[in-house]
Amino acid sequence: MLLLRGRITSGQKVLHVAPEQVLIPWLVSLSCEYLNVDLHNPAMRQMDITATGLPDGGKTLVWCSHVLEHVPADRKALSEMFRILAPDGLLVLQVPIGGDKTFEDSSVTSEPERLEKFLQEDHVRLYGRDLKQRIESAGFACEMLTTADLPEAEQTLYAVKSPLYREVFFCRKRAQA
């Protein structure tokens, strides 16, 4: 959240995907409308992020942290989030990053293999920093922020020194001219 300081204003129509309990009060405080969703876990609504059924352009902020690495059709999920965002809407996205290039292999299906290749039993890929291009191909303007730019003391204080969890993708749906 430190990297997003000043980038998110109040009065948002928020979709919070796979809600982290610790973030709910903060996101609600920014919201004039708040909905949290998950496909399998407790949430306000059960929803598949690849086909939400939400109206076009109805959300101004989508918060999606540590979800896409679980979604086989991640490009479809990105397109869906783009569709439901209003012009100039914001997607805040975070996933584990394992380097520069995304590693995917659909033949890796067993939990032990997924743990070895993707670092968790239920992940379907290990993203690289090239995720930025995948996000942009869905139509977003994307800025990749990194906690590595924070002073060392702040990285330690906020426990953001892990090399897998440094990047936050700040994705804007460009307003049509």
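The values are calculated or read from the model by the stated rules, or taken from the named source; none is laboratory data. Owing to the predicted nature of the structure, the values given are computational and were not obtained by experimental measurement. Positions of Cβ are backbone-derived with ideal geometry, glycine not excepted, and every protein chain shown enters the neighbour counts.
Within region 143-158, at least one residue is out of contact with any strand residue (DSSP E or B) (no Cβ under 7 Å at 6 or more places or on another chain), farther than 17 Å from Ala77 by Cα, among the β-branched types (Val, Ile, Thr) and free of Cβ contacts under 8 Å to residues at least 24 places away in the same chain.
Do we have any residue at all in region 161-177 that's touching a Gly at 6+ places or on another chain (Cβ under 6 Å), within 17 Å of Thr60 (Cβ to Cβ) and surrounded by 12 or more Cβ atoms within 10 Å (Cβ to Cβ)? So that I can check it myself, show each step before the final result.
If we filter region 161-177 for residues that are touching a Gly at 6+ places or on another chain (Cβ under 6 Å), which is where we start, we get 173.
With within 17 Å of Thr60 (Cβ to Cβ) added as a condition, the list becomes 173.
From what's left, surrounded by 12 or more Cβ atoms within 10 Å (Cβ to Cβ): 173.
Looking for residues that are touching a Gly at 6+ places or on another chain (Cβ under 6 Å), within 17 Å of Thr60 (Cβ to Cβ) and surrounded by 12 or more Cβ atoms within 10 Å (Cβ to Cβ), one finds at least one in region 161-177, hence yes.
Condition first: outside any strand (DSSP E or B), small (Gly, Ala, Ser), surrounded by 18 or more Cβ atoms within 10 Å (Cβ to Cβ) and modelled with pLDDT under 95. Can you find one or more residues in region 61-77 that meet it? Reasoning before the result, please.
Taking region 61-77 as the starting set, the residues that turn out to be outside any strand (DSSP E or B) are 66-77.
Still in the list and also small (Gly, Ala, Ser): 73, 77.
Subsequent filtering for residues that are surrounded by 18 or more Cβ atoms within 10 Å (Cβ to Cβ) retains 77.
Filter again for modelled with pLDDT under 95, leaving none.
No - not one qualifying residue is present in region 61-77.
Looking only at residues in region 23-52 that are part of a loop (DSSP other than H, G, I, E, B) and of a type outside the set (A, V, I, L, M, F, W, C), the one that is surrounded by the most Cβ atoms within 10 Å (Cβ to Cβ) is Thr52. So, in region 102-146, of the ones that are among the aliphatic types (A, V, I, L, M) and in contact with a Phe, Trp or Tyr (Cβ under 8 Å, 6 or more places away or on another chain), which residue ends up surrounded by the most Cβ atoms within 10 Å (Cβ to Cβ)? Checking each candidate, the answer is Ile135. Taking the criterion of being without any contact (Cβ under 8 Å) to a residue 12 or more places away in the chain and closer than 26 Å to Val168 by Cβ, no residue of region 93-109 qualifies.
Got a sec? Which of Lys173, Lys101 is touching a helix residue (DSSP H, G or I) at 6+ places or on another chain (Cβ under 7 Å) and basic (Lys, Arg)?
Checking each option against the conditions leaves just Lys173.
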